[in-house]
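Single-structure report; data block below.
The values are calculated or read from the model by the stated rules, or taken from the named source; none is laboratory data. These numbers come from a predicted model, not from an experiment. Backbone-built Cβ (ideal geometry, glycine too); neighbour counts: all protein chains shown. Just so you know, the surface numbers come from the protein's heavy atoms only, side chains and all, with ligands and any DNA or RNA stripped out. Shrake-Rupley method; radii C 1.70, N 1.55, O 1.52, S 1.80 Å.
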Amino acid sequence: MPNSLSVVLITRNEAANLPRTLASVRLVLAITHEIVVVDSGSTDTTVKIARDFGARVIEEPWKGFAAQKNSAIDHATGDWILSLDADEEVSTELASEIQALLLSPASSGPPFAAYRIPRLNHFLGRPLRHGGYWPDPKLRLFRRRAARFADRPVHETLHTDTPVGQLKGHLIHHCYPTLEDYIEHMNRYSTLGAQALVDSGRAGSTWPWLAWNAVLNPTATFIYNYFLRLGFLDGREGLLQHLNHSVYVHWKYAKAWHAARDAKTPRQ
């Protein structure tokens, strides 16, 4: 019997992205056993779109990114799991590669229990191929029970104790179609990142800590990614991406400093 595949993702108000994502999953329908969508209170047509594509929708309250994605994994029943974000798309090359991998005879099945997949990030509609944004490998394909998302508030990643293979086909990540989307994302994620610094005891309230992390660190980040890692080759979109990423770094450490300062200031 060929290996079966469960495609899992989490959603909340993803009506603008979900049709593209689920349409790309159809490319691997020959081995797709099911599509599992864990939704957390969508008020748009996300749930209807998912069901129209034949997905099994489970509605659960929001528990955090890692916990929500692990819940989607727990609902899957296929031999293998492909974990996607709602703004990602499976390229035709990747679909063909996954099919060939999982349709191989059981006696010579996939040599690894987990695989990283390159991801091509798009900013304002332009693919970013420099500045550290490519190939951006992500562990996304794995045998059921072989990987879990680490419990962290932001930038959740899959972890496994098994050796990891590498696929050549890529995911297409439509991450920031507008500047408004990216600014909202930076504000939300910088707050989560700042809170993680506070919770781990790594947030400082001194002048040197603030100057180093909220001023010099963002500046160094821009110089490193835009010039040394050739981010300037991605045109005007690349310039905006790296400038805004540096602002995100500034916001994260500024918010952490603010929280640490307030925690040390006696209440009147």
Determine which single condition residue 52 fails, assuming it passes every other condition in (1) touching a strand residue (DSSP E or B) at 6+ places or on another chain (Cβ under 9 Å); (2) open to solvent by 30 Å² or more (accessible area, probe 1.4 Å); (3) over 16 Å from residue 159 (Cβ atoms). (1)
Quick one: how many residues across the range 146-166 are at pLDDT 95 or above, in a loop (DSSP other than H, G, I, E, B) and not hydroxyl-bearing (Ser, Thr, Tyr)? 5
Looking at 200, 205, can you tell me which residue is hydroxyl-bearing (Ser, Thr, Tyr) and in contact (Cβ under 8 Å) with a residue 12 or more places away in the chain? 205
Yes or no: the range 173-191 includes at least one residue that is surrounded by fewer than 16 Cβ atoms within 10 Å (Cβ to Cβ), outside any helix (DSSP H, G or I) and among the charged types (D, E, K, R). no
Across the range 212-226, the tally of residues that are within 22 Å of residue 195 (Cα to Cα) and either of a type in the set (Gly, Ala, Ser) or not in a helix (DSSP H, G or I) (or both) stands at 1
Any residue in the range 241-265 that is hydroxyl-bearing (Ser, Thr, Tyr) sitting within a Cβ distance under 6 Å of a residue that is open to solvent by less than 60 Å² (accessible area, probe 1.4 Å) and at pLDDT 95 or above? List the pairs, counting only those 6 or more apart or interchain. 246/218; 246/221; 246/222; 248/186; 248/190; 253/213; 253/214
Just the residues that are assigned to a helix (DSSP H, G or I) and either under 30 Å from residue 101 (Cβ atoms) or within 22 Å of the chain's Cα centre (by Cα) (or both), please, taken from the range 30-62. 46, 47, 49, 50, 51, 52
Has the range 127-137 got any residue that is under 27 Å from residue 237 (Cα atoms), part of a loop (DSSP other than H, G, I, E, B), touching a Lys or Arg at 6+ places or on another chain (Cβ under 6 Å) and of a type in the set (D, E, K, R)? yes
Among the candidates 140, 126, 56, single out the residue that is more than 27 Å from residue 177 (Cα to Cα) and modelled with pLDDT of 95 or more. 56
Taking the residues in the range 227-256 that are in a helix (DSSP H, G or I), open to solvent by 60 Å² or more (accessible area, probe 1.4 Å) and hydrophobic (A, V, I, L, M, F, W, C) as candidates, determine which candidate is farthest from residue 128 (Cα to Cα). 251
Considering (1) within 30 Å of residue 22 (Cβ to Cβ); (2) assigned to a loop (DSSP other than H, G, I, E, B); (3) not aromatic (Phe, Trp, Tyr), say which one residue 204 fails and leave the rest. (1)
So, first residue closer than 17 Å to residue 117 by Cβ in the range 150-167, second residue modelled with pLDDT under 95 and loosely packed, with under 11 Cβ neighbours inside 10 Å, Cβ within less than 9 Å, six or more apart or across chains; the pairs are 163/111; 165/111
Hits in the range 112-136 (condition: open to solvent by 50 Å² or more (accessible area, probe 1.4 Å) and farther than 13 Å from residue 164 by Cα): 124, 125, 126, 129, 130, 134, 135
